[in-house]
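What follows is one structure encoded as structure tokens, with my remarks underneath.
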Amino acid sequence: MRKHIVAGNWKMNTTLPEGVALAKEVNAALAAKDANCDVIICVPFTHLATIAGVIDQNKLGLGAENCADHKSGAYTGEVSAPMVASTGATYVILGHSERRQYYGETSETLREKVALALENGLTPIFCIGEVLAEREAGQHFEVVKKQIEEGLFNLSAEDFGKIILAYEPVWAIGTGKTATDDQAEEIHAYIRSVIADKYGKEVAEETSILYGGSCKPSNAKALFAKPNVDGGLIGGASLKCADFMGIVEAWD
Ligand code: 13P
């Protein structure tokens, strides 16, 4: 059975004290219940080591929001996969649409990042998704297929099996406009078929595919009820413990 996952993406939010307080709050909420899914928080680089020291990673996974496409060296301001791993974090979001859009990330650099993440024992949460114009032109299927093929299909089946995918339609991110549960199911099922064509049905059935884009407690249950939606990657609603836990509880 593939994993059900609720992962938070804090993006560029919270100072270190605010982030530590939020992580402690989520950690305490999870200690008080048996969550019916894996729960992960992906936080700014500056927060990783401190948060790793205050949470129980058996109950709350910890990840970065990006890593560099080089192992080490003269890349001022970058943070490498070995650095992330050395904080105690075990996940890393890669290829988020904001990174692709504002920081020029391409499939080529993402292949390097994925390889370095895997080499360093980090589980990539690899993001794909179309922009509004592509959805309106009916190109969303081919867009996500290309992103998966170019970013991930160089991997062996064994390595691909370590990836968590997140489908995030760009038009739904931070807009309050969620994909309907039927829209999500349609494209998640398609994504799974693309994986099956390349790696076989078994690998495809084991791959967790998360939905991201204005997911909140009020719509999470309907989204997660769809057979091919294995959880969520949560932006805004991961910044309030009660909202985030409301989404975790959608799996109860
Ligand atoms: P929102 O939940 O704020 O729409 O963000 C989604 C997202 O980009 C998660 O990676």
Segment residue 1-residue 154, extension gain: residue separation times 0.36 nm, minus the distance between their alpha carbons: 52.6 nm
If one computes the Cα centroid of the stretch 205-236 and of the stretch 53-90, what distance in Å separates the two points? 25
Amide H proximity to residue 4 below 5 Å, modelled H, separation 5+ or other chain, gives 38
What shape does the stretch 1-120 have by the C-alpha gyration tensor, where a ≥ b ≥ c are the square roots of the eigenvalues, rounded means a/c under 1.5, and otherwise prolate means a/b greater than b/c and oblate the rest? prolate
Taking a virtual spin label 7 Å from the Cα of residue 16 along the C-beta vector, which residues in the stretch 43-61 bring their backbone nitrogen under 19 Å of it? 43-55
For the chain, set up a Gaussian network in which alpha carbons nearer than 10 Å are linked by springs, and say which option among 20, 79, 54 fluctuates the most. 54
How do 225-233, 128-136 rank on mean C-beta neighbours within 10 Å, highest first? 225-233, 128-136
Please build a GNM for the chain, connecting alpha carbons under 10 Å apart, and tell me which residue among 22, 48, 62 fluctuates the most. 22
Residues whose placed amide H lies under 5 Å from that of residue 62, excluding near-sequence neighbours: 41, 90, 91
Could you point to the residue in 77, 23, 104 farthest towards the positive end of the chain's charge dipole, with +1 and -1 charges on the Cβ of Lys/Arg and Asp/Glu respectively? 23
What pairs in 24/221; 3/59; 24/113; 113/177 have C-alpha atoms more than 23 Å from each other? 24/221; 24/113; 113/177
I need to check one value: relative contact order of the stretch 125-180, counting alpha carbon pairs closer than 8 Å and at least 6 residues apart, in percent. 52
How would the stretch 141-201 be classified by its alpha-carbon gyration tensor: rounded, prolate or oblate, with rounded meaning a/c under 1.5 and the a/b versus b/c comparison settling the rest? prolate
With the chain reduced to its Cα atoms and the Debye formula applied, log10 I(q)/I(0) at q = 0.10 1/Å amounts to -0.43
Would you kindly state how much longer the chain becomes between residue 201 and residue 46 on full extension, computed as 0.36 nm times their sequence separation minus their alpha carbon distance, in nm to one decimal? 51.8 nm
Looking only at 32, 220, 179, which one moves most when the chain is put into a Gaussian network model with springs between Cα atoms under 10 Å? 32
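Any read-out appearing in this document is the output of simple, stated calculations on the displayed coordinates, not a laboratory observation. No experiment lies behind these values; they were computed from the predicted model shown. Methodologically, a virtual Cβ is constructed for each residue, glycine included, from the backbone with ideal geometry; neighbour enumeration extends over all protein chains shown.
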